[in-house]
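Single-structure report; data block below.
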Amino acid sequence: MPVIKFSHDWNNKVTGSNELFTTVRGHSPKKWKYYCDNIEKIFSVLLSSKHICDAELILAQEDRLNEIPLPFLMTDTGLINSEEIFKLFAKFKIPEDGEVIILVFKKIKGG
């Protein structure tokens, strides 16, 4: 089973009651292939190495971080200030104009 790892539960998207959640990841050809090869597959969602749920990857999209609408980034991170958001991504070595992969997952009930 493919795996998606989180070190922090940004905006309670992994543990919350929402059915859909997003994540924005740094882009590399290897990552892009991994996610594209696993669209419509069930992932094990890990938070700090602990299984939280299972979720189906329903969308993978390439973009530049600074071209993603601010309301989307606010919802994804739980932060309300663009400066804070870009600082957060910089911690993950993603520059403001860096290429990213946007992923949308649907939680599997009972997973």
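Within segment 42-49, the presence of at least one residue that is surrounded by 13 or more Cβ atoms within 10 Å (Cβ to Cβ), closer than 12 Å to Ile4 by Cβ and more than 13 Å from the chain's Cα centre (by Cα) is confirmed. One residue alone among Leu59, Leu103 is within 24 Å of Pro29 (Cα to Cα), touching a Phe, Trp or Tyr at 6+ places or on another chain (Cβ under 7 Å) and either of a type outside the set (Lys, Arg) or surrounded by 12 or more Cβ atoms within 10 Å (Cβ to Cβ) (or both), and that residue is Leu103. Do you know which residues across segment 1-56 are among the aliphatic types (A, V, I, L, M) and either part of a strand (DSSP E or B) or touching a residue at least 40 places away in the same chain (Cβ under 8 Å) (or both)? Of everything in segment 1-56, those that are among the aliphatic types (A, V, I, L, M) and either part of a strand (DSSP E or B) or touching a residue at least 40 places away in the same chain (Cβ under 8 Å) (or both) turn out to be Met1, Val3, Ile4, Leu20, Val24, Ile42, Val45, Leu46, Leu47, Ile52, Ala55.
Which numbered condition trips up Leu73, out of (1) more than 16 Å from Lys5 (Cα to Cα); (2) at pLDDT 95 or above; (3) surrounded by fewer than 18 Cβ atoms within 10 Å (Cβ to Cβ)? Tallying (1) more than 16 Å from Lys5 (Cα to Cα); (2) at pLDDT 95 or above; (3) surrounded by fewer than 18 Cβ atoms within 10 Å (Cβ to Cβ), Leu73 fails exactly one: (3). When Cys53 is tested against (1) among the hydrophobic types (A, V, I, L, M, F, W, C); (2) surrounded by fewer than 16 Cβ atoms within 10 Å (Cβ to Cβ); (3) out of contact with any helix residue (DSSP H, G or I) (no Cβ under 6 Å at 6 or more places or on another chain), exactly one condition is not met: (2).
Here's the yes/no breakdown for (1) within 17 Å of Leu103 (Cβ to Cβ); (2) modelled with pLDDT of 95 or more:
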{"site": "Lys50", "(1), (2)": "no, yes"}
{"site": "Ile58", "(1), (2)": "yes, yes"}
{"site": "Gln61", "(1), (2)": "yes, yes"}
{"site": "Glu67", "(1), (2)": "yes, yes"}
{"site": "Phe86", "(1), (2)": "no, yes"}
{"site": "Phe89", "(1), (2)": "yes, yes"}
{"site": "Phe92", "(1), (2)": "yes, no"}
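The values are calculated or read from the model by the stated rules, or taken from the named source; none is laboratory data. All values reported here derive from a predicted model rather than from experimental measurement. Cβ atoms come from the backbone with ideal geometry, glycine included; neighbour counts cover every protein chain shown.
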